[in-house]
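The values are calculated or read from the model by the stated rules, or taken from the named source; none is laboratory data. This one's a predicted model, so the numbers in the text were calculated from it and none came from an experiment. Heads up, the Cβs are rebuilt from the backbone with ideal geometry, glycines too, and the neighbour counts pull from every protein chain shown. These accessible areas exclude ligands, DNA and RNA; they are computed on the full protein's heavy atoms, side chains included. Shrake-Rupley method; radii C 1.70, N 1.55, O 1.52, S 1.80 Å.
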Amino acid sequence: DWPEKGEVEMRNLSVQYRADLPYTLNNISCVIPPGSSVAVVGRTAAGKTTLVQAILRLIEPNGPVKNCLFVDGVDAGEIGLKLLRKNVMLINQIPWLYSGTLRDNLDPFGEYSDERMWKCLKMASVASNFENLNGLDTLLSESGGNLSVGEKQLVCLARSILGKNKIFIFDEPTANIDINTDTVIQNAIRKMDVLKEATIITIAHRLATIIDYDLVMVLENGQLIQFGEPHALLTGSDDSGSNKFLSMVNAASSEFLKRKAKEAYEERRRSRKIM
């Protein structure tokens, strides 16, 4: 039954790739509440990718504090890798598919019913693409070459929600596609009941796609320099140049993003997610 809620806690999380190199993540401490959506933002080399690798234990945290990453109160370092990676679902920028049927790509180990697979395809807004073909027996070429990039990403999204996981990590799956397809995928993500109840951690490449999230983590040189609700961060002072999130928004379409962040903040207040 683990994880039951999806809370992620970091306690002085540090990662160093080699002993003679500086820490890529340095003393990251925060609590991501269960069921919340969290965007991880920062410039290139801020440590965003390393954070994902540390959560999945693709690289082991190796700082002074050994017990530094907890999921639902359980030390992730004590969990078997197979169990950890089965329950923390990663959706990459580059969709991964292989030669075979749609069924094989969705459920390679034969764990789920056809009904469940069709339901997930519908939630991902891609079921209609295969209903007029051979359904779940539709043949996909190597790397999904007979599908568009958007279709491949939606199939991967459908595959990711089959197991009803409590934690999802999105390495911004729409970063490499056009705006129209981005809109389709983002709308599909926001409509999924499975994701509404899950903890979502998104490595953000486009601020417009995460400005309505519950929380934002701002990384710089491997350190967590800001952590909070987007609207609250945007209304903070930037006189000293320390409000990095506000600086990022000001460098983009600032008024649109600020308005969208405020609307999301007010909606959460109405739903009593913010007191």
Of the criteria (1) at pLDDT 95 or above; (2) open to solvent by 30 Å² or more (accessible area, probe 1.4 Å); (3) out of contact with any Pro (no Cβ under 6 Å at 6 or more places or on another chain), which one E60 fails: (1)
First in region 141-170 and closer than 30 Å to P33 by Cβ, second anywhere and part of a strand (DSSP E or B) and open to solvent by less than 10 Å² (accessible area, probe 1.4 Å), Cβ under 6 Å, 6 or more apart: S160/I91; I167/V88; I167/T199; I169/I201; F170/I91; F170/T202
Identity of the residue in region 133-159, β-branched (V, I, T) and at pLDDT 90 or above, that ends up surrounded by the most Cβ atoms within 10 Å (Cβ to Cβ): V155
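In region 38-57, what residues are within 20 Å of Y213 (Cβ to Cβ) and open to solvent by less than 30 Å² (accessible area, probe 1.4 Å)?
V38, A39, V40, V41, G42, A46, G47, K48, L51, V52, I55
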Filtered residues of region 114-130 (kept if of a type in the set (D, E, K, R) and surrounded by 13 or more Cβ atoms within 10 Å (Cβ to Cβ)): R116, K119, K122
Test: residue in region 160-173 that is open to solvent by less than 10 Å² (accessible area, probe 1.4 Å) and at pLDDT below 80: yes
Count - residues of region 135-173 that are under 19 Å from D114 (Cα atoms), polar (S, T, N, Q) and assigned to a helix (DSSP H, G or I): 1
Hits in region 1-37 - residues which are closer than 24 Å to A208 by Cβ and surrounded by 21 or more Cβ atoms within 10 Å (Cβ to Cβ): I32, S37
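Residues in region 4-35 that are over 19 Å from L58 (Cα atoms) and either in a loop (DSSP other than H, G, I, E, B) or in contact with a Cys (Cβ under 8 Å, 6 or more places away or on another chain) (or both): how many?
8
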Selection within region 250-266 - open to solvent by 80 Å² or more (accessible area, probe 1.4 Å) and either over 20 Å from S37 (Cα atoms) or not charged (D, E, K, R) (or both): A251, E255, F256
Options P34, P95: the member that is farther than 30 Å from L133 by Cα, touching a residue at least 24 places away in the same chain (Cβ under 8 Å) and touching a Lys or Arg at 6+ places or on another chain (Cβ under 6 Å): P34
Region 63-91 - residue that is open to solvent by 40 Å² or more (accessible area, probe 1.4 Å), touching a helix residue (DSSP H, G or I) at 6+ places or on another chain (Cβ under 8 Å) and in contact (Cβ under 8 Å) with a residue 40 or more places away in the chain and, of those, nearest to G163 (Cα to Cα): M89
